[in-house]
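Notes follow the structure.
The values are calculated or read from the model by the stated rules, or taken from the named source; none is laboratory data. Only a predicted model underlies this, so the values are computations on that prediction, with no experimental measurement involved. Using ideal geometry, Cβ is built from the backbone for each residue, glycine included, and neighbour counts are taken over all protein chains shown. Each accessible area value is taken on the protein alone, full model and side chains, heavy atoms only, with ligands, DNA and RNA left out. Shrake-Rupley method; radii C 1.70, N 1.55, O 1.52, S 1.80 Å.
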Amino acid sequence: IAKEVAKLLEMKAELGADEGKHKFVLKTPKGTRDFGPKEMAIRERAFRAIIACFKRHGAEVIDTPVFELKETLTGKYGEDSKLIYDLKDQGGELLSLRYDLTVPFARYLAMNKITNIKRYHIAKVYRRDNPAMTRGRYREFYQCDFDIAGQFDPMIPDAECLKIVHEILSDLQLGDFVIKVNDRRILDGMFAVCGVPDSKFRTICSSVDKLDKVPWEEVRSEMVGEKGLSPEAADHIGEYVQLHGGLDLIERLLRDPKLSQNKLAREGLGDMKLLFEYLRLFGITGKISFDLSLARGLDYYTGVIFEAVLLQQDPEHGEEPLSVGSVAGGGRYDGLVGMFDPKGRKVPCVGVSIGIERIFSILEQRLEAAEEKIRTTETQVLVASAQKKLLEERLKLISELWDAGIKAEILYKKNPKLLNQLQYCEDTGIPLVAIVGEQELKDGVVKLRIVATREEVNVRRESLVEEIRIRTSQC
């Protein structure tokens, strides 16, 4: 034993030399990423535009915990439920990370007995998905949601949600887009007249939802081969789901001998017609397509569903524009709050979620291609000096500027060279330099230099704040 112990002690001594030098694997977890100042500047710009739009439409803001009780999320997402992140038992509570912002919103409404609210919520959500980072598909990502809850006349809130999507995508200048709309009732009615058994509605719905990514033949073989649907029913569905258009298509389907006999489909088509009337008044029907292949896989949708897709025009052949992915989606979910309410009281809701991660990756790629210089700070002025021993004066002046709400910086050196200070402004995009020197101090002025033009003007110290405000508002 003594021999073995000695051997082990010897080994320990050898290993001891490396103690405290644990080698870390320096990487972010799969499906996540860090965002540096440049990326965050792009993100903040997009968030500002989106929040401005939500506020323009009168929304209040809420926040909810990043995790919910597991039972709150269970059974709300259909086939996607397997993507929920479950956490270990925490003091007797089984918890899961939120999968979206809609189910927590419904829980919030039911818990607080709220029957009427227009809200937005911007926060991170989590999905145990197979990440495709290049396409903006992550395991941790932001969602930007806008929802209207309450009992209102049909299709007015729904039309506003579509108007919001149109405003945001136009404002962010992402290129050409189309907003596809459909209705769960039209889909369910279509499945019924095509001979799909009730028990297969949701699973067939999730197959149809793949039509924007894979051709009809593949979807058909999944329905028949994997999901046991009869070939006749699948072919019948195929006749409908390849249709898309506008008001004319709605009129045509209202006269369809089979669909018009189905109560659900008739209701859905009636509301769709009304929706298009409102969208025409908003002046946005040019970007809206009534598309029978749109299914959206989530289980909680009950009425209108929609998805905004960016288009990439084929410049060579002028062919049908190609879709480059969904950047917003949403719909009506009238039954979700009732699932949480102890008395089953329903609160009708309609909402939209902006696919902000995909938008970010498009904006990042675009700015990279344009080689545009992105400012990562909002500093308006650098307080500088041309001579030595003026640190105290610089600190006094910058303090005055900060107190007046001006965004200002100094270099953290006692006696920086003027050239280095000017170079710092060039590198970071600071538009103005406030230079203090002995002569300026005697005269009660500050020399204000405009970095872009190199023009210099003497400004009275008491007028400096106002002058900086005026000049930076023009930048």
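Here Ile114, Ile50 are screened, and the one residue that is modelled with pLDDT of 90 or more and under 17 Å from the mean Cα position of the chain (by Cα) is Ile50. Just to be sure I understand the filter: pairs with C-beta atoms under 7 Å, separated by 6 or more residues or on different chains, first member in region 204-223 and in a helix (DSSP H, G or I), second member of a type in the set (Phe, Trp, Tyr) and buried (at least 19 other Cβ atoms within 10 Å of the Cβ). Which pairs pass? Partner pairs satisfying both residue conditions: Ile204/Phe191.
Out of all the residues in region 127-141, is one or more assigned to a helix (DSSP H, G or I), at pLDDT 95 or above, under 24 Å from Ser206 (Cβ atoms) and not acidic (Asp, Glu)? Looking through region 127-141, none of the residues is assigned to a helix (DSSP H, G or I), at pLDDT 95 or above, under 24 Å from Ser206 (Cβ atoms) and not acidic (Asp, Glu). Looking across region 442-458 at every residue that is of a type in the set (Lys, Arg) and open to solvent by 80 Å² or more (accessible area, probe 1.4 Å), the one that is nearest to Gly429 (Cα to Cα) is identified as Arg454.
Out of (1) under 13 Å from Val383 (Cα atoms); (2) open to solvent by 30 Å² or more (accessible area, probe 1.4 Å), what's the single condition that is false for Gly405? All conditions pass for Gly405, except number (1).
Residue-by-condition table, conditions (1) open to solvent by less than 60 Å² (accessible area, probe 1.4 Å); (2) over 29 Å from Leu275 (Cβ atoms):
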site: Tyr120; (1), (2): yes, no
site: Ile148; (1), (2): yes, no
site: Phe152; (1), (2): no, no
site: Gln173; (1), (2): no, no
site: Met190; (1), (2): yes, no
site: Lys227; (1), (2): yes, yes
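Given the options Lys88, Lys23, Lys113, Lys55, name the one that is part of a helix (DSSP H, G or I), open to solvent by 90 Å² or more (accessible area, probe 1.4 Å) and either more than 30 Å from Ile374 (Cβ to Cβ) or assigned by the TED database to the domain that holds Val347 (or both). So the residue among Lys88, Lys23, Lys113, Lys55 that is part of a helix (DSSP H, G or I), open to solvent by 90 Å² or more (accessible area, probe 1.4 Å) and either more than 30 Å from Ile374 (Cβ to Cβ) or assigned by the TED database to the domain that holds Val347 (or both) is Lys55.
This table checks each residue for (1) in a strand (DSSP E or B); (2) in contact (Cβ under 8 Å) with a residue 60 or more places away in the chain; (3) more than 16 Å from Val350 (Cβ to Cβ).
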residue	(1), (2), (3)
Tyr120	yes, yes, no
Asp147	yes, yes, no
Pro154	no, yes, no
Asp158	no, yes, no
Gly195	no, no, yes
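Put simply, of Thr74, Thr28, Thr32 the only residue that is open to solvent by less than 100 Å² (accessible area, probe 1.4 Å), over 29 Å from Asp334 (Cβ atoms), out of contact with any Lys or Arg (no Cβ under 7 Å at 6 or more places or on another chain) and not hydrophobic (A, V, I, L, M, F, W, C) is Thr28.
Only one of the numbered conditions (1) open to solvent by less than 60 Å² (accessible area, probe 1.4 Å); (2) closer than 23 Å to Ala41 by Cβ; (3) modelled with pLDDT of 95 or more is not met by Thr472, and that is (3).
Taken together, the criteria exclude Glu372 from residues that are modelled with pLDDT under 90, under 18 Å from Gly325 (Cβ atoms) and surrounded by fewer than 20 Cβ atoms within 10 Å (Cβ to Cβ). The requirement of being small (Gly, Ala, Ser), under 33 Å from the mean Cα position of the chain (by Cα) and in the same structural domain as Gly329 (by the TED database) is not satisfied by Gly195.
If we scan region 232-251, do we find a residue that is in contact with a helix residue (DSSP H, G or I) (Cβ under 6 Å, 6 or more places away or on another chain), farther than 30 Å from Glu160 by Cα and among the aliphatic types (A, V, I, L, M)? Within region 232-251 (the criterion being in contact with a helix residue (DSSP H, G or I) (Cβ under 6 Å, 6 or more places away or on another chain), farther than 30 Å from Glu160 by Cα and among the aliphatic types (A, V, I, L, M)), the answer is yes, since at least one residue qualifies. Every listed requirement among (1) under 25 Å from Met40 (Cβ atoms); (2) without any contact (Cβ under 8 Å) to a residue 60 or more places away in the chain; (3) open to solvent by less than 50 Å² (accessible area, probe 1.4 Å); (4) not β-branched (Val, Ile, Thr) is met by Gln380 save one, (2). Quick one: would you say Ile62 is under 13 Å from the mean Cα position of the chain (by Cα), under 12 Å from Ile122 (Cα atoms) and aliphatic (A, V, I, L, M)? No, not satisfied.
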